[in-house]
Amino acid sequence: MLRRAGLGVLFGTVMVDMMGFGIVLPLLPFYAEELGASPRWVTLIIASFSITQLVSAPIWGRFSDRLGRRRLLLIGLFASALSYLLFALADNLWLLLVSRATAGAAGGTLGIAQAYVADSTEGEERARGLGFIGAASGLGIMLGPAIGGAFSRFGLGVPGFVAAGLCLLNLTAAMVLLPESRHFRSGRADASKGEAATFKLWLRSLSRFPLRVLLVVYLLTIACFTSMTSVLALYTERVFAMTAADMGLVFTLAGGVTVIVRGGLVGRIVKRFGEPSTVRAGCLLLALGVGAIPFLSDRWQLWVLVPSWASATGLIFPSLHALISRNTDEHSQGSVLGGSQVAGGLGRVVAPLAAGWLFELYSIKSPFLVGAAASAVALWLALRIPAAVVSKAAEKLDPTDRWTGPVAAHEPRDQPDTKSP
């Protein structure tokens, strides 16, 4: 496991990124309208974050494979600070748009943080470390809106100064406490030797088994989760007359459960049952938790249901990222994990739009049922995740990083069985 100081800085990096996102997001529509934005401008400014994050994630990962994780993380933190400073100083819509697009592009560094953990951990410790990074993300999203709301009393731009200050503080800590990851310190990393050395090879690596299965499972589960969260407040307001304050407590509870599962439990569960079984359990729990929402008869039942889908995401995402990492050669961790963020970004962009369309034009229950169906399909696909893989990428890994055990009988090997798995 990597040093506690380094893991703490990584935790802070991801938490500050997501906290900054959470600080400004609830204020953004009001800020934009204050600058004369139409509803279309507001949605464009909001969407710009996800769009640039989607595009930038694989680029960040690729450059981190070549230049090192630490250097790119420092650049990302500086870019985040700049974006929030622009947000605070924005006096027109174009500057506000640039600030959010810059924040989204800087947010693509999540894949680098995951690659840093992958460089510095082995075996079940990898899922534990990635879960810790996921916990940082959940904690940042949970704390951000509260911080933004508190400082917005002094002006809608003031939370931007707070977010910029947090980024600069973490940048300073990273410069002092965060060493380069072990592969770059030891000189073992060489992106030109990796399976994702070129764009064509990168696409090929993402489409081979089992990565293609893992990425589709990630896409479907994150689509299920984001579609549910995008319309949950609208649904509960119509059915249970719940208020914005009520929903704030709901999402706070969900964030707290996610932090506990990702930060403390997922590593132990993976050590006991393995990543594939953990993913399958999470998919089942997510399908049941989201699919049950339309059948609730009282608001108290929602509070009982929240921990189910919150725990599900805490089990699924760190385990999937660990599986993706462990089936990728050491020279391509950033590129491939950045590619996984493309799959996640597609889910976060497309799913809320689809959920809104279903909610408005078909039925207010339909987004939850469709989301549950997507998670059920993800569970079916997750059954194809083998307990072990010896692929071309895995052959290049250290023996301590390889999986052990038989490859699933229904999937051919990527190369002749000339070595014992």
- prompt: What is the extension gain from Trp94 to Leu177, computed as 0.36 nm multiplied by their sequence separation minus the C-alpha to C-alpha distance, in nm to one decimal?
  reply: 26.2 nm
statement: With label points set 7 Å from each Cα along the Cα-to-Cβ direction at Leu383 and Val55, the distance between them in nm comes to 4.1
- request: Compare the peptides 317-328, 52-63 by average per-residue count of other Cβ atoms within 10 angstrom and give them in order, highest first.
  value: 317-328, 52-63
- prompt: By how many nm would the segment from Val158 to Ala373 grow when fully extended, if each residue of separation counts as 0.36 nm and the alpha-carbon distance is taken off?
  reply: 73.2 nm
For the stretch 346-352, 3J(HN,Hα) per residue [Karplus equation, 6.51 cos²θ - 1.76 cosθ + 1.60, θ = phi - 60°, Hz, x = Gly/Pro]: 4, x, 6, 8, 7, 4, x
field: Protection-proxy order for peptides 265-274, 137-146, each taking the mean of Cβ atoms within 10 Å per residue, highest first
entry: 137-146, 265-274
Environment charge of Leu220, counting only residues whose C-beta is closer than 15 Å and scoring Lys/Arg +1, Asp/Glu -1: +4
message: Relative contact order of the stretch 1-176, please, whole-number percent, based on alpha carbon pairs below 8 angstrom and at least 6 residues apart.
response: 43
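Laboratory data are not the source of any read-out in this text; all were calculated from the coordinates shown. Everything quoted here is computed from the prediction, not taken from an experiment. With ideal geometry, Cβ positions are generated from the backbone for all residues, glycine too; neighbour counts draw on all protein chains shown.
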